[in-house]
Amino acid sequence: MPVVVAGRDAQWIVMQACDETDRSYGFVRDSWGANTRIAAAVPNDDRLDTHLFVGADLPRDLPWALGELFDPLLKDCTVPVEAPSIPDDGVFVGTSRIRGVNDAGGFDRWDRVRTVSNDEPTSFFLDMEATIYGGSTTGDDGAYRPEQVRLVADFDNFVDTVGPGTTDANGLSIAHTIVSTENGGANVDHTFIPQTAATRESFTGCTRMEIHVEDESLPFSYIGNGRFRWHDPQILDDDTWVHHTPGNAVWYP
């Protein structure tokens, strides 16, 4: 049965509940603030999928959040990620989501983690997906339109393969960089910029990373951020709206 908590310390309460189960799970960030007023955990086979809702007002937006929880509007990747491929024996650790709204529009970030534990070293596969909506999330014709999405992740572990590379496809321009760090980890950065009328209304940017972990001590962790940017073209000067979803992600296989 899904568990939903609304109000102060909602995420902390859900995190404590997840910790008392024997299922695998993760959170896209292990901290919370005043704007995270609704959190949930949904059983899915032998794992728990977690949902965080930010920017929602209570009690007004609780029905919206429950609708998003039980019937999320999942969108296909605008540019599908073909590599790295996940082995057939890959095990799903879990899914963690941040769904949010603001005065410019809406966003929906999903982190999905799989692992191949019989590898040496252990391999983790991280999919980061982010959908940006122009205007209102309910379909109203708002003034703001998507201008950019960046998906950024910092790892203390070795990053083997990353996709997609820098490319232009399906109405998106994608720029991709990897910067190695002194401790043997890496910073991975993907920028998605819409190029057509359709993608300026909404698009879903997707990445996949294969990470090798020598130390199997739990949890598997990284610093992740989905950076969403909208703009409102005006006569004299464009107006820009930015929303970040930073945090230390934690996963318990």
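The values are calculated or read from the model by the stated rules, or taken from the named source; none is laboratory data. Everything quoted here is computed from the prediction, not taken from an experiment. Please note: Cβ atoms are built from the backbone with ideal geometry, for glycine as well, and neighbour counts cover all protein chains shown. In case anyone asks, the SASA skips ligands and DNA or RNA and just uses the protein heavy atoms, side chains included. Shrake-Rupley method; radii C 1.70, N 1.55, O 1.52, S 1.80 Å.
Quick notes on this one:
- Distances between placed amide hydrogens fall under 5 Å for Phe203 paired with Ile132, all partners being 5 or more residues away or on another chain.
- Sum of -39500 (n - 2.57) over DSSP H runs of 4+, divided by residues of the chain (222 nm, nearest 500): -2000 deg cm²/dmol
- Taking each residue as 0.36 nm, the span from Ala143 to Ala175 lengthens on full extension beyond its C-alpha to C-alpha distance by 8.9 nm.
- Percent breakdown of C-alpha pair distances by 10 Å bin, ordered from the shortest bin, for segment 161-243: 13, 38, 29, 15, 5, 1
- Per residue accessible area in Å² of the chain, where ligands, DNA and RNA are left out and the probe is 1.4 Å: 47 Å²
- Contact order, relative form, for the chain: 20 percent (alpha carbon pairs under 8 Å, 6 or more residues apart, mean separation divided by residue count).
- For segment 239-250, backbone phi angles converted through the Karplus equation (6.51, -1.76, 1.60; θ = phi - 60°) give residue-by-residue couplings of 9, 10, 10, 10, 9, 10, 10, x, x, 8, 7, 10 Hz, Gly and Pro being listed as x.
- Per-residue HN-Hα couplings for segment 157-173 [Karplus 6.51, -1.76, 1.60; θ = phi - 60°; Hz; x = Gly/Pro]: 10, 6, 9, 7, 9, 9, x, x, x, 5, 6, 10, 7, 6, x, 10, 9
- Sites Asp57 and Val242 - FRET efficiency at Förster radius 22 Å, r taken between beta-carbons, to 0.05: 0.60
- Solvent-accessible area of His176 with every protein chain in place, 1.4 Å probe, in Å² to the nearest 10: 50 Å²
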